[in-house]
Amino acid sequence: MAVLGDLSRTVRLLLGQIQRCGQSGSAINQYQKSVRCMSLAAPKLQPTVDDNEAVNPTFVNRNPRNLEQMALAVKDRGWRTTWPSQTFYHRLVFSRSQHYVTAEVFANGDAVPVLSCSTKEWALKRELGSTRCVAASQAVGEVLAQRCHQAGITRMVYRHIPWQYRSDAVQSFRTAMKEGGVTLSEPRQKFIGN
């Protein structure tokens with residue numbers, strides 16, 4: 001019974017298609033017309049361009065760090081007599097006082113640090129036995145490397161003070177930063193010819 005219902009429904013659909021395509025001609029012509037009618041491709045619609053979808057001819061870079069990451073941004077050269085050199089995008093400053101260890105990341109031309117980490121922070125201070133030892137320097141390096149990754153800064157310049165470079169605290173800080181995935185050098189600036 002179900003087969004007869006499906007068959008009658010199919011016949012009705014076919015007859016409806018034949019009637020829509022036209023009544024003229026013989027039954028064979030009507031059948032061919034209906035087959036052609038059913039096998040035609042759908043008409044292609046032309047896309048309409050709306051004023052809201054038009055592309056702006058001028059491009060505005062909304063990510064200022066984009067050029068830094070490609071090494072195309074201009075580095076301020078400063079004077080040759082200044083120390084440390086001013087040719088950087090981000091500079092890492094590590095300092096130890098009598099009581100605390102501090103590390104800061106400065107952007108070029110800014111006096112305020114972009115990122116900082118210190119043993120003055122309660123979260124670090126409560127985990128350390130001493131806020132000035134070699135372990136404190138390593139902890140500051142690990143935390144600062146994590147914060148740098150969260151901020152998207154993976155390369156920076158670190159110019160150490162020559163007479164302090166060989167100390168264990170400075171070496172453990174550098175090692176912690178490198179193991180944290182931060183490269184302590186920047187690529188050379190690329191110059192594009194006109």
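Just so it is clear, none of the values below were taken in a lab; they were calculated from the coordinates. Since the model is a prediction, treat every value here as computed from it, not as a measurement. Reconstructed Cβ throughout: ideal geometry from the backbone, glycine too, with neighbour counts over all protein chains shown.
May I ask you to compute the full-extension gain from Val93 to Thr154, defined as 0.36 nm times their residue separation minus their alpha-carbon distance, rounded to one decimal in nm? Each step should come with its number before you reach the end.
On the way: separation 61, 0.36 × 61 = 21.96 nm, distance 1.52 nm.
The Val93-Thr154 span can extend by a further 20.4 nm.
Count Lys and Arg as plus one, Asp and Glu as minus one, and take only other residues whose Cβ is under 13 Å from that of Arg147; the net charge is then -3. Local charge sum around Val93 (other residues, Cβ-Cβ under 11 Å, Lys/Arg +1, Asp/Glu -1)? Around Val93, the surrounding residues sum to +1. Straightening the chain between Thr81 and Val55 buys 4.5 nm, computed as 0.36 nm per residue apart minus the Cα-Cα spacing.
What's the magnitude of the charge dipole for the range 115-194 around its Cα centre, counting Lys and Arg as +1 and Asp and Glu as -1 at the beta-carbon? Answer in Debye, nearest 20. Display every interim value, and only then the final one.
Numbers: 12 positive and 6 negative charges, 47 e Å.
Computed charge dipole of the range 115-194: roughly 220 debye.
In terms of packing, defined here as the mean over residues of other Cβ atoms within 10 angstrom, the peptides 131-140, 165-174 line up highest first as 131-140, 165-174.
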